[in-house]
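J.: Below is one structure. I have some questions about it.
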Amino acid sequence: MRTIGDHAVVLGASMGGLLAARVLADSYRRVTVVERDSLPDSPDNRRGVPQGRHVHALQPKGAQIIDGLFPGILADLIAAGAPVIGDDQSQMHFSAGGHLLRGDGVLERPLSMYLPSRPLLEWHTRERLRALSTVDIIDRCTVVGPRGTDDGSRVTGIEVQEHGSPSRVIDADLVVDAMGRGARTPAWLEQLGYPRPAEDKAQVDVTYVSVLLRIPQDALWEKLVLIGPRPGTPKGFALFSCENDTRVFSIAGMAGVRPPADRAEMIDFVSDIAPARMLSVVREADQLGEVVTHRFPAGQWRRYDKLRRFPAGLIVVGDAICSFNPLYGQGMTVAALQARTLADCLRGGDRDLARRFFRATAKPVGIAWDFATRADLALPEIAGPRTTAVRISVALSEYYLRAAETDRRVSEQLFRISGFMDPPSKLFGPRMLLRAIAANRRRGDTTGHAEHPMPVQARP
């Protein structure tokens, strides 16, 4: 890729910022990443990523993109102990909307989901980025605000203050705001004479509570257990394998339901939705840390793609554009899709870069947003506009989820869509539609429940 500028500065060293920095290194002579936190020298949690102590999964598409940006990083994660779910569906116990998806057999089209802890994934990504001679990462550095031309038409740098030092201005051809939900670009736009972006909101009032446990891998066959909320029961249960024979046990409540923050009470909280054999494993496990709680009031999509005016020399990525209900595990993969989109836009040079990038990235963001908000609105406890399109979408999702309880190919297709490997339109091709119709006819008017036995192949 040709060089289009001298210096790009990325604000924020979480996954969105790190992936953006890697892409920018192909188009700018120098890239500087600025991070407020003190970055650990090993795969440890840090203050600026409070969600890092909770369950994480790297979806198949996100894994593909990240391995393309950092060749061999997936192999490094596996070598570090990160579990992988390959083509054996029985390694997942996945219930959505009260429907336990069929989990036996082998995938017709193999894909892989990776389960490193968030600190492990972020540390390996950061170390790969540090190894690039043109990239510099500065931690313990606070962002003060942008600097620009007198007429406000272009951002020319960013004022920062490193720990214990006076503030200084870092000149830049491009500044990338990757500072998450609390990103300050909307306020900066007003200061520069531009309108703030409109914001789409999805009120969900989610609280999730997690604890890290020592559980040998052979204690439970499934590497990933996820039982989502269903109508009338706005709570969920998760048990994800991680490196070093650990698993994260998480519970969640939506629509204002507040889960307890005591391990024994956590088990009781999900005893009516989680299989007893799994809770038995959780009950007998060694606890490795304190119980942690995280709240997520609402999904938020800042519509930079709809702005008619935007200063040159500035773009926004990751959660700073859109943050989703974390129960669906979309954030890191959407950040990877945005990085790939940014790479495509940079091939066209820096002219009108922000407008081109915001419009292009609105497509993958929009797919993820629709998936999350419509899944939320399937719960009567969640307030929000239920337009005709939303009601139809919810009904179709219910129809296919019912079919996926007994049809492994419908189940596989849903996994591929949720993993961003296929577009949602793949559900509506003749083959899938006929399979869904046949599966629903076979089961008649019965409804699925998360607790029913899961058909699985013989296990070792």
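J.: How high is the relative contact order of the range 101-166? Use alpha-carbon pairs under 8 Å, at least six apart in sequence, and give a whole percent.
T.: With pairs under 8 Å counted, the relative contact order is 21 percent.
J.: I've got another one for you. If we count every other residue with Cβ under 15 angstrom of E108's Cβ, Lys/Arg +1 and Asp/Glu -1, where does the sum land?
T.: +2
J.: Read phi for every residue in the range 308-322 and hand back ³J(HN,Hα) as whole Hz from Karplus 6.51 cos²θ - 1.76 cosθ + 1.60, θ = phi - 60°, with x for Gly and Pro.
T.: Those phi angles translate into 8, 10, 7, x, 5, x, 8, 9, 10, 9, x, 5, 5, 8, 8 Hz.
J.: Same structure, new question: If I stretch the segment between L433 and R347 completely, what's the gain in nm (0.36 nm per residue apart, minus their alpha carbon distance), one decimal?
T.: Between L433 and R347, full extension yields an extra 27.1 nm.
J.: What angle, in degrees between 0 and 90 and rounded to the nearest 10, separates the Cα long axis of helix 60-69 from the longest principal axis of the Cα atoms of the chain?
T.: With rounding to tens, the tilt is 30 degrees.
J.: Sticking with this structure for a sec: Please quote Rg/Rh for the range 226-336 to two decimal places, taking the Kirkwood radius as Rh and restricting both calculations to Cα atoms.
T.: Looking at the range 226-336, the ratio lands at 1.09.
J.: In whole angstrom, note down how far apart the Cα centers of the range 320-338 and the range 367-425 are.
T.: Their Cα centres are 17 Å away from one another.
J.: Hey, can you grab everything whose amide H is under 5 Å from the amide H of V33? Only 5+ residues off in sequence or another chain; H modelled, so Pro and N-termini drop out.
T.: Result for V33 returns V10, D136, I137, I138.
J.: Using the Karplus equation 6.51 cos²θ - 1.76 cosθ + 1.60 (θ = phi - 60°), what ³J(HN,Hα) coupling, rounded to whole Hz, does each residue of the range 21-33 give in order, writing x for Gly and Pro?
T.: Karplus-based 3J(HN,Hα) across the range 21-33 equals 4, 4, 5, 5, 5, 7, 10, 10, 5, 9, 10, 10, 9 Hz.
J.: Let me ask something additional. Among L120, P71, G97, whose Cα projects farthest towards the positive end of the dipole of the chain, with charges put on the beta-carbon of Lys, Arg (+1) and Asp, Glu (-1)?
T.: Farthest along the dipole direction, towards plus: G97.
J.: Still on this model: Working from Cα positions, state the angle (0 to 90°, nearest 10) between the long axis of helix 118-130 and the longest principal axis of the chain.
T.: With rounding to tens, the tilt is 30 degrees.
J.: Right, here's the next one. Do me a favour and compute the ellipsoid semi-axes for the chain from its Cα gyration tensor, root of five times each eigenvalue, largest one first, whole Å.
T.: 38, 25, 21
J.: Right, here's the next one. Taking every Cα atom in the range 61-218, find the radius of gyration and the maximum pairwise distance Dmax, and write them in Å.
T.: Values for the range 61-218 (Cα only, Rg and Dmax): 21.9, 64 Å.
J.: Under a Cβ-only charge scheme (Lys and Arg +1, Asp and Glu -1), can you give me the dipole magnitude of the chain about the Cα centre, in debye to the nearest 20?
T.: Around 1400 debye, computed over the chain.
J.: Separate question: Considering amide H positions built from the backbone, and no H for Pro or chain starts, which residues 5 or more places from V204, or on another chain, come under 5 Å of its amide H?
T.: Placed amide hydrogens put A298, G299 under 5 Å from V204.
J.: Let me ask another. Taking the convex hull of the Cα atoms, report for the range 1-108 its projected area averaged over all directions, in nm².
T.: Averaged projected area of the range 1-108's Cα convex hull equals 9.9 nm².
J.: Taking R0 as 35 Å, what FRET efficiency do you get between D6 and D370 from their Cβ-Cβ distance, rounded to the nearest 0.05?
T.: According to the calculation, E is roughly 0.35.
J.: Can you bin every Cα-Cα distance in the range 139-292 into 10 Å intervals starting at zero and give me the percent of pairs per bin, rounded to whole numbers?
T.: Once binned at 10 Å, the Cα pair distances of the range 139-292 give 9, 27, 17, 17, 20, 8, 1.
J.: Also: Quick one: how many lysine pairs in the chain have C-alpha atoms under 23 angstrom apart, if they're 8 or more apart or on different chains?
T.: 9
J.: To continue, here is another question. Among A383, L433, I170, which residue has its Cα positioned farthest towards the positive end of the charge dipole of the chain, with +1 placed on the Cβ of Lys and Arg, -1 on the Cβ of Asp and Glu, and the dipole taken about the Cα centre?
T.: Result: L433.
J.: Continuing with the same structure: Give the percent of DSSP beta bridges with both residues in the chain that are antiparallel, rounded to the nearest 5.
T.: 70
J.: Mind running the shape call on the range 357-441? Use the C-alpha gyration tensor, a ≥ b ≥ c as the square roots of the eigenvalues: rounded below 1.5 for a/c, prolate if a/b tops b/c, oblate otherwise.
T.: Oblate.
J.: Averaging sequence separations of C-alpha pairs under 8 Å and six or more residues apart, then dividing by the length of the chain, give the relative contact order as a whole percent.
T.: Taking the mean separation of contacting Cα pairs over the length of the chain, I get 21 percent.
J.: Continuing with this model, one more query. Please arrange I267, I315, I227 by counting, for each residue, the other beta carbons lying within 10 Å of its beta carbon, fewest first.
T.: I267, I227, I315
J.: Same structure, new question: Given N residues in the range 64-150, what is Rg(Cα) / (2.2 N^0.38 Å)?
T.: Compared with the compact-globule rule of thumb, the range 64-150 sits at 1.61.
J.: Right, next: Which value, in debye to the nearest 20, gives the size of the charge dipole of the range 353-438 about its Cα centre, when Lys and Arg are +1 and Asp and Glu are -1 at the Cβ?
T.: The calculation lands at about 460 debye.
J.: Still on this structure, please answer the following. Can you sort V365, V291 by how many other beta carbons sit within 10 Å, fewest first?
T.: V291, V365
J.: What list of ³J(HN,Hα) values in whole Hz, one per residue of the range 357-363 in order, does the Karplus curve 6.51 cos²θ - 1.76 cosθ + 1.60 (θ = phi - 60°) give from phi, with Gly and Pro shown as x?
T.: 5, 4, 5, 6, 6, 5, 5
J.: Separation of the range 31-92 and the range 101-126 by C-alpha centroid, Å?
T.: The range 31-92 and the range 101-126 have Cα centres spaced 10 Å from each other.
J.: May I ask you to derive the relative contact order of the range 283-365, considering only C-alpha pairs under 8 Å and at least 6 residues apart, and to give it as an integer percent?
T.: Normalised by residue count, the contact order of the range 283-365 is 32 percent.
J.: Return C242, C322, C141 ranked ascending by Cβ neighbour count within 10 Å, so the fewest neighbours appear first.
T.: C141, C242, C322
Where a number appears in this text, it was derived from the coordinates with a stated rule and is not lab data. Note that the coordinates shown come from a computational prediction; the quantities given were computed from them, not determined experimentally. A quick note on method: Cβ atoms are made from the backbone with ideal geometry, for glycine too, and the neighbour counts reach across all protein chains shown.
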